[in-house]
Amino acid sequence: MAENTPDRTRVGAVIAGVVPGQSPRVIRAAARQAALAGTELVIVHVDTTRFVAFEDPDGYVNPSTLDVVGAAARAALAEVQTDAESALDGDPVPWSVRQVIGDPALALIHLADEIDASLLVVGTRKRGLGESLREFLTGSVAARLTHRQHRPVLVVPLGEPLAPDEELVWE
């Protein structure tokens, strides 16, 4: 293959967007997809307590100047790392954990563009009025991912499914 010819057989990484303490189902489903595609898994936690102030031309992200929750962000990343180690114990798929900052959907899209990801995997939210209100105000991360970028999005159900006669909170 010539030096300037792109490798069309390479499949981009699978990104799993996770939150600390989340069910391991998201990581395991993402690992299955990465293994099937023969690619790596990148497990991502989005720190929503900080935001991107500006980005240098070389890609370095300069976070907001006042990082009052740095310890919380580091603790969240450490928990995601531990969750990943537990969920993927014995799984041969190559994986790594990263933390990005800002709005969850936009941060995942930015990272997916940066690493040329092939698939985004996220979980559903817990049921409940508080989660429904937050989703109503900010929008579902999964829905925003499907409408704001071109990659497939796999949404992994985390809770027990509703019975056929139960109403969805937004109905």
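The values are calculated or read from the model by the stated rules, or taken from the named source; none is laboratory data. Just so we're clear, the structure is a prediction, and the values are computed from it rather than from any experiment. Every residue, glycine among them, receives a Cβ derived from its backbone with ideal geometry; neighbour counts consider all protein chains shown.
Do you know which residues across region 117-171 are basic (K, R) and either modelled with pLDDT of 90 or more or in contact with a Phe, Trp or Tyr (Cβ under 6 Å, 6 or more places away or on another chain) (or both)? It would help to see each step written out before you state the result.
Of the residues in region 117-171, the ones basic (K, R) are 125-127, 134, 144, 148, 151.
Within region 117-171, just R151 meets the criteria.
For region 111-125, which positions are surrounded by fewer than 19 Cβ atoms within 10 Å (Cβ to Cβ) and not β-branched (V, I, T)?
Scanning region 111-125 gives D113, E114, D116, S118, R125.
Considering only region 69-89, I want to know if a residue exists there that is within 18 Å of V141 (Cβ to Cβ), exposed (fewer than 13 other Cβ atoms within 10 Å of the Cβ) and modelled with pLDDT of 80 or more.
no
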